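Q: Just dropping this structure here.
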Amino acid sequence: MKENRSVPITFRIYADSLQILKEHADREDLSSNTLLNKILKRWISFELSIQPLNPIILPSNLFAGLLDTVSDEDWEILKQQLIPEVVKSLFSLIYDTSRPEELFKHLEFMSKYSGWFSLQVFKNNGITNIVKLILKHNHGIKWSLFLKEYLQDIIKTYYRNLPISFESNEEYVLFTVRATEQLSLSKLSYSSDNSRSMS
């Protein structure tokens with residue numbers, strides 16, 4: 001079955017929930033059916049996977065403020081404790097770790113749903129075996145270091161031979177990927193909102 005193939009189904013929904021759904025659909029200029037599919041996609045693709053982490057929702061400015069209050073030493077300890085657990089819950093239990101392209105699928109989902117970063121993908125028109133990916137955010141250098149080490153942990157654990165180089169500052173993490181026998185960059189698919197071209 002194709003992933004995007006729709007199938008007819010009948011189910012009951014609470015009247016107040018339906019009213020809220022219709023109001024939000026009108027504001028976003030969507031049909032109720034389209035909005036409901038987006039909600040279900042988010043819940044199935046993201047919400048289910050983070051439940052083992054017992055997440056809480058924080059305003060981004062509060063999150064950034066909390067990061068600022070943590071000392072560099074304490075943040076290093078937290079990263080060492082948290083990253084393996086987060087990798088297990090968000091990546092290794094969900095994706096096929098034998099396929100390197102699953103890492104990029106994971107990044108697209110996280111960009112859409114988590115609030116961790118906004119993903120941009122740059123393809124070099126002249127060099128087909130290189131792709132640059134930027135994880136942009138506004139949470140400061142500590143968050144960049146967390147994202148960088150989170151990705152490095154995934155790569156070290158599952159894709160040790162994947163040629164990736166990293167750069168980072170307080171606003172983004174950039175990594176450059178080269179094609180290998182195991183990873184064909186031409187087969188990777190990104191949404192048009194994320195994909196850019198390099199001159």
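Q: Tell me the angle of helix 60-69 to the major Cα principal axis of the chain, expressed in degrees between 0 and 90 and rounded to the nearest ten.
A: Around 30 degrees separate the two axes.
Q: Mind pulling the angle between the C-alpha long axis of helix 101-113 and the longest principal axis of the chain? Nearest 10 degrees, somewhere in 0 to 90.
A: Taking Cα atoms only, the helix is inclined about 60 degrees.
Q: To continue, here is another question. Using each residue's phi in the stretch 31-37, evaluate 6.51 cos²θ - 1.76 cosθ + 1.60 at θ = phi - 60° and report the 3J(HN,Hα) Karplus result to the nearest Hz, with x for Gly and Pro.
A: 6, 4, 5, 5, 5, 4, 5
Q: Quick one: helix 72-87 against the long Cα principal axis of the chain, what's the angle to the nearest 10°, folded into 0 to 90?
A: 60 degrees
Q: Per q in 0.09, 0.11, 0.18 Å⁻¹, report the Debye log10 I(q)/I(0) for the stretch 1-145, using one uniform scatterer on each alpha carbon and no solvent.
A: -0.42, -0.63, -1.30
Q: Divide by every residue of the chain the summed helix terms, -39500 (n - 2.57) for each DSSP H run of at least 4, and state the resulting mean residue ellipticity at 222 nm, rounded to the nearest 500 deg cm²/dmol.
A: Estimated from H runs of four or more residues: -13000 deg cm²/dmol.
Q: To continue, here is another question. Jot down the per residue volume, in cubic angstrom and as a whole number, of the convex hull over the alpha-carbon atoms of the stretch 1-76.
A: Taking the convex hull of the Cα positions in the stretch 1-76, it is 186 Å³ per residue.
Q: Could you state the per residue volume, in Å³, of the convex hull enclosing the Cα atoms of the stretch 32-104? If you can, show how the numbers build up before the last one.
A: Values: hull volume 10.2 nm³, N = 73.
Taking the convex hull of the Cα positions in the stretch 32-104, it is 140 Å³ per residue.
Q: Give me the percent relative contact order of the chain, please, defined on Cα pairs under 8 angstrom at least 6 residues apart.
A: 19 percent
Coordinate-derived values only; no laboratory data. Being a predicted model, the structure only gives us computed values, none of them experimental.
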